[in-house]
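**Student:** Structure in structure tokens, see below.
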Amino acid sequence: QVQLVESLGGSVQAGGSLRLSCANSRRTFGHYNMGWFRQAPGKEREFVAAISWSGDSTYYADSVKGRFTISRDNAKNTASLQMNSLKPEDTAIYYCAATASAAIELRGVRYDHWGQGTQVTVSS
């Protein structure tokens, strides 16, 4: 069973950086593609970034492209999201997720396992 545990988020000023991590505490997730999603108050959950199981392929939402970087370390069973040049509109609860799908998935319904979520707040 996959159990995803996210690191604490935080609060930063606009232009700042944060790094989120997601660890699988139960077993290796080397064969799972991973994704990050976020949900702001009053809004639907949205895709942020995804990475293939090998780490060779990544995909980003247009809103974060060039600012966020997704990565993974299968030896450590972790996936990370480096967030730079943060904007107030990046404020949301961020979730990591794992999918057994062979493809990089952009839709949340395609993910099988989810972390508990972590709050990121960006002030102007």
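**Student:** Please turn the phi angles of the range 69-75 into ³J(HN,Hα) values with the Karplus equation 6.51 cos²θ - 1.76 cosθ + 1.60 (θ = phi - 60°), one per residue in order, whole Hz, x for glycine and proline.
**Tutor:** Using θ = phi - 60°, the values come out as 9, 9, 8, 8, 10, 5, 5 Hz.
**Student:** Show the residues, 5+ positions off or on another chain, whose built amide H is closer than 5 Å to the amide H of R26.
**Tutor:** The answer is Q3.
**Student:** Turning to a different aspect of this structure: Please give the per residue accessible area of the range 14-124, computed with a probe of 1.4 Å over protein heavy atoms only, in Å².
**Tutor:** Ligands and nucleic acids excluded, the figure is 50 Å² per residue.
**Student:** Moving on to the next point. Check A100: other-chain or 5+ apart residues with amide H under 5 Å from its amide H, H built from backbone geometry?
**Tutor:** Close amide H contacts, sequence-distant or interchain: D112.
**Student:** Whenever you get a sec, compute what percent of the accessible area on the chain sits on carbon and sulfur atoms (1.4 Å probe).
**Tutor:** Carbon and sulfur together cover 47 percent of it.
**Student:** At R0 = 25 Å, how high is the FRET efficiency between S17 and T58 if r is their beta carbon distance? Nearest 0.05 is fine.
**Tutor:** Once rounded, the FRET efficiency stands at 0.85.
**Student:** Between the DSSP loop rule and a limit of at most 14 other Cβ atoms within 10 Å, which GluC sites (Glu not before Pro) in the range 17-123 are left?
**Tutor:** E44
The values are calculated or read from the model by the stated rules, or taken from the named source; none is laboratory data. Fair warning: this is a prediction, and the values are worked out from it, not measured in the lab. Heads up, the Cβs are rebuilt from the backbone with ideal geometry, glycines too, and the neighbour counts pull from every protein chain shown. The area values use the complete protein model at the heavy-atom level, side chains included, leaving out ligands, DNA and RNA. Shrake-Rupley method; radii C 1.70, N 1.55, O 1.52, S 1.80 Å.
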